[in-house]
């Protein structure tokens, strides 16, 4: 348990929300130490964002007072100005003239309060949050496939027990470094046009041309069917529409997909066979695969790949979307 002058909290930056303790540090600053009771960083790890979080309080560029047209003012003055302008806009143009925009960094309680403020205090129907721009493809695809929108529906610690993990458009080594500690055991298959730090850790790096993730996913699914790797019992018992998917894949034969994506057929086959042979395997997507004009279709194709292999709902296996912020799910 932390001492009376130490506060147990979480790092606010990425989706991992690593546990840390904040206490007094030298020179009036803060001392940051990792917690070991939070699964995301139970090994006592923090990345540089977490270690340096306390420095924001003493940074010379940090705002410590409201600014009105660039000039410091008292909080009362600033709040009165905002309230006055909002009231004037609503009176002139109606309540929907004011929009409210939240974010995945808000807690459930703050997101709820923001929604109440928008709908009750302002009377506006115009409320959204930043997940609409970053995770809407994954949300729509998950709802289409599973009837619900979820990020990663399993603890991050489960990944350590996998034999193979496929990361599509995810660079966790740089965006959330402690995540990589949970991937030290499985063989990593990384799909990314760039040679990222995560790709350098991969057992197999599939490097498609930018914007061809959908074609690659369809080509891999084509191979699963062509090479008789489908979990037929699972598909028959737990899915619907598989024959339609099979028919739609007729035009995505491996050699054509290689010409489109630049990924050799033997690498695609190596990846799907590793996933199919694994006792435990996961397919994870991120922003790199989702933020496309065909982002929802791309995620749907990767979900269908996981379903064809019988991964979702199987102990130690599954599909997940790697969220970017700590409460990307709750912010919805």
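FYI, it's all coordinate maths here, none of it is from the lab. The structure presented is a predicted model; accordingly, all values stated were derived computationally and were not measured. Using ideal geometry, Cβ is built from the backbone for each residue, glycine included, and neighbour counts are taken over all protein chains shown.
Most exposed first by the Cβ proxy, i.e. fewest other Cβ within 10 Å, how do 134, 321 rank?
Result, fewest neighbours first: 134, 321.
Most fluctuating residue of 85, 287, 195 in a GNM of the chain with Cα springs under 10 Å: which is it?
Most flexible of the set in this elastic network: 85.
For labels at residue 52 and residue 5 in the simple 7 Å Cα→Cβ model, what's the distance in nm?
Distance between label points: 2.7 nm.
Would you list 84, 137 from fewest to most Cβ contacts within 10 Å?
By the 10 Å Cβ count, ascending: 84, 137.
Mind pulling up the Rg/Rh value for the range 1-132? Radius of gyration and Kirkwood radius, both on Cα.
Checking Rg against Rh, the ratio lands at 1.07.
Once the convex hull of the alpha carbons of the range 63-181 is built, what does its volume come to per residue, in cubic angstrom?
Spelled out: Cα convex hull of the range 63-181, divided by residues, is 189 Å³.
For a label point 7 angstrom out from the Cα of residue 197 toward its Cβ, which stretches of the range 27-64 have the backbone nitrogen within less than 16 Å?
Taking a point 7 Å out along Cα→Cβ of residue 197, the residues of the range 27-64 whose backbone N falls under 16 Å are 45-53.
How high is the FRET efficiency from residue 291 to residue 109, r the C-beta distance, R0 30 Å, rounded to 0.05?
After rounding to 0.05, the efficiency reads 0.55.
Need one word for the range 67-131: rounded, prolate or oblate. Basis is the Cα gyration tensor (sqrt eigenvalues a ≥ b ≥ c); a/c below 1.5 gives rounded, then a/b vs b/c decides.
oblate
Between residue 62 and residue 120, how many nm apart are label points set 7 Å from Cα along the C-beta direction?
Modelled inter-label distance: 3.2 nm.
Suppose we look only past 16 Å in the calculated P(r) of the range 129-188. What percent of the Cα-Cα pairs does that tail hold?
Within the range 129-188, distances greater than 16 Å cover 56 percent of Cα pairs.
Can you compute the FRET efficiency between residue 246 and residue 31 using 1/(1 + (r/R0)^6), with r the Cβ-Cβ distance and R0 = 56 Å? Round to the nearest 0.05.
0.45
By counting other Cβ atoms within 10 Å of each Cβ, how are 181, 259, 187 ranked from fewest to most?
The order, fewest Cβ neighbours first, is 259, 181, 187.
If I stretch the segment between residue 78 and residue 150 completely, what's the gain in nm (0.36 nm per residue apart, minus their alpha carbon distance), one decimal?
Gain on extension, residue 78 to residue 150, equals 22.1 nm.
With Rg and the Kirkwood Rh both taken from Cα atoms, where does Rg over Rh land for the chain?
Using Cα coordinates only, the ratio equals 1.05.
How big is D, in µm² s⁻¹, for the range 7-58 by Stokes-Einstein at 20 °C and 1.002 mPa s if Rh is the Kirkwood radius over C-alpha pairs?
Reported coefficient: 196 µm²/s.
Jot down the per residue volume, in cubic angstrom and as a whole number, of the convex hull over the alpha-carbon atoms of the range 176-325.
Here the figure is 116 Å³ per residue.
Please list, in order, the residues from the range 114-131 whose amide nitrogen is less than 18 Å from a point placed 7 Å along the Cα→Cβ vector of residue 89.
Residues 114-130 qualify, since their backbone N sits under 18 Å from the label point.
Can you give me the relative contact order of the range 7-58 as a percent, contacts being Cα pairs under 8 Å and 6 or more apart?
Once divided by the residue count of the range 7-58, the mean separation gives 30 percent.
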